[in-house]
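What follows is a set of notes on a single structure, which appears directly below.
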Amino acid sequence: MADRRPNLTGYEQRLLQLIADGKTDREIADEVFFSNRTVKYQIRKLSQAFHARGRTNLVARAFRAGLMPTEHECCAKEATSG
C-alpha cells in the first residue's frame with residue numbers, strides 16, 4: 001500500500017516529532033499543555049490518517065511520506081539556528 005501524505009498542522013507535526021523522540025502520552029500532554037486524553041485522541045486520529053498500526057508504524061509512515069526530518073536535516077537546522 002502506498003503511503004498517504006495528509007496535510008498536517010504544525011501541532012500535528014510536533015506530535016509526530018514527540019512520538020519519534022520516544023515521549024509517552026503523559027510527557028507529550030505536559031509539553032503541549034493538553035490533557036492526556038486529548039493527546040491520546042489526537043494520536044489516534046493521526047494513526048487513522050496514515051492508516052498506521054501503532055506509534056512506531058505511524059512514525060515510519062510519516063517519515064516515508066517526507067513529513068519527518070532526517071537526523072542530518074535536524075542537525076543542519078540546529079547548526080544554523082545556534
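FYI, it's all coordinate maths here, none of it is from the lab. Just so we're clear, the structure is a prediction, and the values are computed from it rather than from any experiment.
Rounded, prolate or oblate: pick one for the stretch 1-67, where a ≥ b ≥ c are the square roots of the eigenvalues of its C-alpha gyration tensor, a/c under 1.5 means rounded, and failing that, prolate if a/b is larger than b/c, else oblate. Don't skip to the answer; put the middle values down first.
Working: a/c = 1.85, a/b = 1.82, b/c = 1.01.
Taking the square roots of the gyration eigenvalues as a ≥ b ≥ c, the stretch 1-67 is prolate.
At 0.36 nm per residue, minus the direct Cα-Cα distance, what do residue 63 and residue 14 gain on full extension? Give it in nm, one decimal, please.
Numbers: separation 49, 0.36 × 49 = 17.64 nm, distance 1.33 nm.
Net length gain for the segment: 16.3 nm.
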message = Could you give the length gained by full extension between residue 51 and residue 31, i.e. 0.36 nm per residue of separation minus their alpha carbon distance, to one decimal place?
response = 4.6 nm
query = How large is ³J(HN,Hα), in whole Hz, for each residue of the stretch 53-65 in order, when computed from phi with the Karplus curve 6.51 cos²θ - 1.76 cosθ + 1.60 and θ = phi - 60°, using x for Gly and Pro?
reply = 10, x, 5, 5, 5, 4, 5, 4, 5, 5, 5, 5, 7
